[in-house]
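Worksheet: the structure to be examined is printed underneath.
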């Protein structure tokens, strides 16, 4: 596929970055978000904007909702996937909501939720150990008929695991994107092949006709890391929409130092071409995204493209939250937003 990279960057870049975070963690005691918030998924429901996101409290991820009237100012609504105390379930430590099935894949349509058999369906992942993304995660499904989206019911068993997968995914799964196309469900997910840092992460795909039984694509990983690029270590966190002619992936790449938003393009969901330059570069010294600008969710509203993402910079005195992702690296993690005008 031949691409006009400069035209694509001009079309989908969001250079107007708000200096104020869209959402920050509470920093309060045992709250789900005491150490930070991450992984936005933004949609419109019942005439209001919702941001599903995860919070980290030093033990694991829990999933919550924030609400907004204008996509810029957000307020906490509810925790919807909490820790399962005194349980022996596989997802007892925490549950990180990734994606809720949407009505349309079209990027020019505001994301709204789709019902199957009268239910909304969410895919989430869970790590087995306590700590920051500790151990190999697997995927689960949750559903709700509650129009307030507060009460979710989890299936008893995972629907997708790294067992019986390829070498590139044998140590655990990460955040995924779920969509329906031509009578099949497609799950795009990133995974790691080693548990020893610095490991590599790549993105693959599996398909299903019922959301329960999944078949991996034989050509995985379809989005591999590539030496000498800004995605030389990670090619992660797919966020896939359709522009009327082709598929767009707003994932991210990591070069070992900075995570930056990328854009890749496909005509068939299986073969992807990645732009050479980051779509969402990390920021400069002191910016919210000085270290990382990654984990995207994109929304088109009234002609403006809103690009939500997890922004990270070194922690400094006065920040509401602090998280140590790696030993000796204290970060302030928040959810930021950039726009195209």
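Numbers below:
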| quantity | calculated |
| --- | --- |
| Mean residue ellipticity (222 nm) of the chain, computed from DSSP H runs ≥ 4 via -39,500 (n - 2.57), nearest 500 | -500 deg cm²/dmol |
| Gained length - residue 11 relative to residue 270, 0.36 nm times residue gap less alpha-carbon distance | 90.9 nm |
| Set of segment 170-210 residues, backbone N closer than 20 Å to the point 7 Å along the Cα-Cβ line of residue 164 | 170-174, 185-193, 204-210 |
| Fraction of alpha-carbon pairs over 21 Å apart in segment 243-307 - percent | 30 percent |
| Candidates 147, 215, 182: whichever shows maximal mean-square fluctuation once the chain is modelled as a Gaussian network with Cα springs under 10 Å | 182 |
| Point-to-point label distance, residue 330-residue 155, nm (Cα→Cβ direction, 7 Å offset) | 4.2 nm |
| Cα gyration tensor shape of segment 170-264, rounded if a/c is under 1.5, else prolate or oblate by comparing a/b with b/c | oblate |
| For the chain: relative contact order, % (alpha-carbon pairs under 8 angstrom, 6 or more apart) | 17 percent |
| Full-extension gain in nm, residue 46 to residue 184, via 0.36 nm per residue minus C-alpha separation | 47.0 nm |
| Alpha-carbon centroids, segment 166-184 and segment 1-24: separation in whole Å | 25 Å |
| Principal semi-axes in Å for segment 1-74 [√(5λ), Cα gyration tensor, largest first] | 30, 16, 13 |
| Potential extension, residue 341-residue 119 segment - 0.36 nm per residue separation minus Cα distance | 76.3 nm |
| Simple label model, 7 Å out from Cα along Cβ direction - residue 226 to residue 79, nm | 4.2 nm |
| Relative counts (whole %) of C-alpha pair distances in the chain, using bins that are 10 Å wide | 6, 28, 39, 24, 4, 0 |
| Among 81, 288, 149, residue whose mean-square fluctuation peaks in a GNM of the chain (springs only between Cα atoms under 10 Å) | 149 |
| Cα centroid of segment 249-328 to Cα centroid of segment 191-207, whole Å | 18 Å |
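Every number here is computed from the coordinates shown, using simple stated rules; none is lab data. What you are looking at is a predicted structure, and each value in this text was computed from that prediction instead of being measured. With ideal geometry, Cβ positions are generated from the backbone for all residues, glycine too; neighbour counts draw on all protein chains shown.
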